[in-house]
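The values are calculated or read from the model by the stated rules, or taken from the named source; none is laboratory data. These figures come from a predicted structure and were not determined experimentally. Ligands, DNA and RNA are stripped out before the accessible areas are found, and what is left, the full protein with its side chains, is counted by its heavy atoms. Shrake-Rupley method; radii C 1.70, N 1.55, O 1.52, S 1.80 Å.
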Amino acid sequence: MNSSSASFLTTQRLSARLVRLVAGLLLYGVAMALMIRGNIGASPWDVFAQGVSRTTQISFGMCTIIISGVVLLLWIPLKQRPGVGTIANALLVGAFADVGLFLIPEAHHWALQVLTFSSGLCLIAFATALYIGAGLGPGPRDGLMTGLVRVSGKPVWLIRTGLEFSVVVIGFLLGGVVGAGTAAFALGVGPLTQVTLRWLHVDLHAKTPGIAVTAAAPAPAPDIAPAPAPDIASESASLHSRERERDVRRQQGAEPEPLPAD
């Protein structure tokens, strides 16, 4: 990746971040369409949307938007605050997915199904890193997960597993496709996203994701020479000598000199 591309991916300019956000959401919607057209399973939330779509006869993309809206309502009692990216995610991903489903034909041969699904899985990891790198707010489902983790005190893996297991079961009962692709998504999306986050220079530990934060080096301590340690042996010998002199003066009848206070 050349320096100009790296600069675009790491700049804090709002205009560039908005471009990254919209591009990421566009690719995310197309990736969802590819996985659906593979017809060997999809992500848990997509299985849910697919099941709702088949039951209500509403388009998959519109069902995705409706589900995102319902999820955002659940943010209210959790006191989660949406960002610009959150609202854009809720409105645009479903619309882009419908465009992708309109343009991409359904795969029927098993080899084409695997290829179509795999392309969608790789693309969704890239798209995730791209829109997360914009740093304009989490998606509705991620925000629900983090809100539940914060309120309940339960670990992330437990909350996420519980949410995704619930929606995939409901989606399957409503007619969504659960298969090898669902398992492949669960196992593969994390490592693939980790790779693309690194490739796109996204730093999740920075104040703004995608912008590397370098800690300032501490100022050097002033070069102060340590004070010399007291010569205990010399002081002790001097005190002993004065005590002997005091004893001699006492024997001679002279007024002894007082010893110095310690």
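How many residues, within the stretch 38-87, are open to solvent by less than 60 Å² (accessible area, probe 1.4 Å) and assigned to a helix (DSSP H, G or I)? Counting residues in the stretch 38-87 that are open to solvent by less than 60 Å² (accessible area, probe 1.4 Å) and assigned to a helix (DSSP H, G or I) gives 25.
Residues are listed down the side, and each one gets a yes or a no for (1) modelled with pLDDT under 95; (2) in a helix (DSSP H, G or I); (3) among the acidic types (D, E):
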| position | (1), (2), (3) |
| --- | --- |
| F102 | no, yes, no |
| H108 | yes, no, no |
| A111 | no, yes, no |
| V114 | no, yes, no |
| G120 | no, yes, no |
| T128 | yes, yes, no |
| G135 | yes, no, no |
| P138 | yes, no, no |
| M145 | yes, yes, no |
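Of all the listed residues (V19, V30), the sole one being within 21 Å of P138 (Cα to Cα), outside any loop (DSSP other than H, G, I, E, B) and modelled with pLDDT under 95 is V19.
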